[in-house]
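Some notes on the structure that comes next.
The values are calculated or read from the model by the stated rules, or taken from the named source; none is laboratory data. Note that the structure is predicted; figures quoted are calculated from it, not measured. Cβ coordinates were reconstructed from backbone atoms using ideal geometry, including for glycine residues, and neighbour counts include every protein chain displayed.
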Amino acid sequence: MSGPRLEIDLGRIRHNACVLVERLGSLGIEVTGVTKAMLGSVEVARELMAAGVTSLGDSRIENIEAMRTAGLDGHMTLIRSPMLSQADRVVAHADASLNSELAVIEALSAAACHRGRVHAVVLMVELGDLREGILAGDLDDAVRATLALPGIVLRGIGTNLACQSGVTPDHRNMDELSRLADAIEERFAIALDVVSGGNSANLGWAFGPSPLGRVNNLRLGESILLGVEPLRRQCIDGLFTDAITLVAEVIEAKTKPTQPWGEINQTAFGSATAIDNSGPQLASTSRAIVGVGRQDVDADGLTPPKGFTILGASSDHLVLDAGRHLPVVGAEVRFGVDYSALLRAMTSPYVAKVYLTDKPGAWDPPANPQAAMRDRPDTAEAADGASLI
């Protein structure tokens, strides 16, 4: 099979989603399964729905439209504030949307009335991360205006933390969100169905000792897909961290000098190559180039296999120090991906997406998947030592 490609293990994604849905469900929190990093992948969306998420969430209306066209009829939420120019498409294909601008909600109202539909709105509140959200002092006016619009139902309030400024979800900002929900219900004599506390960064708070208050929804993507929490990228106990792997083919394998020579200026991406003259240097090293680059993936977000070190990347080449084992041309190297690398690789038309439902040597998920990663049959070196690294 040609590379580069993303191998996406649907069984492991479903396992991760099931674990989080069950753990959060026991706390009274529902999960919106976020598909945006997977470009609204129908295959992944089906696994999330099978795992018990109550809604699918995506930031692009194009992805939601694609999932609808593929026949998915579950509840779908646009989790980025709608573009004013896309209001009609949002109403036509999404059941709900997260909003922070009254002008957009008014456009959604007009589109809903035109289509004879009712569109649900969750008002986003700014609690410190300085991305989207209505300031707490302006929230009453926003609620009042939203309630007055035809074709719109105010379903709840929500917030987003960690993504822009790295603000940690904790008892202070989550208590504030609960307090705001209570105040809205009291002032306007309404009931809010949804209090959406945030994203995968909220898991440490949710599983911690603090009372959860009114929060009854989280929007989860990275934790399901990659098995980590975003604040420190730590593994979540019991989840697979290798459900998605980037595979790239070796296009050059040679022994070369360790240092470049000639006058050194900026590289293709503006940085300057550092020359290390601080100590004894090897005269040469084993170098491999794989056929993937910054046009395809965020090279800084890749984890190479044991024995390999990433030396750098240009648009189309990823250069590796191969250590003691120089691979042959045509061999494949497998990389772990973080969220940034996954997002770019999924977006690249040059990276194939391969969905695995029955891997050779498949095995049942263990109680602690991380502890068993070294025993996975599909991460071992191939018999000929060349076709799989």
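Just one of GLY312, GLY330, GLY307 is at pLDDT 90 or above and either buried (at least 17 other Cβ atoms within 10 Å of the Cβ) or not in a loop (DSSP other than H, G, I, E, B) (or both); which is it? Of GLY312, GLY330, GLY307, the one residue that is at pLDDT 90 or above and either buried (at least 17 other Cβ atoms within 10 Å of the Cβ) or not in a loop (DSSP other than H, G, I, E, B) (or both) is GLY312. The set of residues in the stretch 26-58 that are touching a strand residue (DSSP E or B) at 6+ places or on another chain (Cβ under 8 Å) and of a type in the set (Gly, Ala, Ser) comprises GLY33, GLY40, SER41, ALA45, ALA51, GLY52, SER55, GLY57.
Strands (runs of 3 or more DSSP E) fully within the stretch 177-262 that include at least 3 residues being of a type in the set (Lys, Arg) and at pLDDT below 95: none found. I'm trying to understand the selection: among the residues of the stretch 159-176, which are surrounded by fewer than 22 Cβ atoms within 10 Å (Cβ to Cβ) and either in a helix (DSSP H, G or I) or at negative phi (or both)? CYS163, GLN164, SER165, VAL167, THR168, ASP170, HIS171, ARG172, ASN173, ASP175, GLU176 - these are the residues of the stretch 159-176 that are surrounded by fewer than 22 Cβ atoms within 10 Å (Cβ to Cβ) and either in a helix (DSSP H, G or I) or at negative phi (or both). For residues in the stretch 148-158 being of a type outside the set (Lys, Arg) and surrounded by 14 or more Cβ atoms within 10 Å (Cβ to Cβ), which is farthest from the chain's Cα centre (by Cα)? Among those that are of a type outside the set (Lys, Arg) and surrounded by 14 or more Cβ atoms within 10 Å (Cβ to Cβ), it is LEU149.
Scanning the stretch 191-209 for residues that are more than 26 Å from the chain's Cα centre (by Cα) and surrounded by 13 or more Cβ atoms within 10 Å (Cβ to Cβ) gives a single hit, LEU192. Set side by side, the residues VAL319, VAL297, VAL351 differ, and just one is buried (at least 17 other Cβ atoms within 10 Å of the Cβ), modelled with pLDDT of 95 or more and either farther than 19 Å from ASP242 by Cβ or out of contact with any helix residue (DSSP H, G or I) (no Cβ under 7 Å at 6 or more places or on another chain) (or both), which is VAL319.
Filter the stretch 23-74 for residues that are among the acidic types (Asp, Glu) and either surrounded by fewer than 22 Cβ atoms within 10 Å (Cβ to Cβ) or assigned to a loop (DSSP other than H, G, I, E, B) (or both) and give the result. Hits for the stretch 23-74 are GLU30, GLU43, GLU62, GLU65, ASP73.
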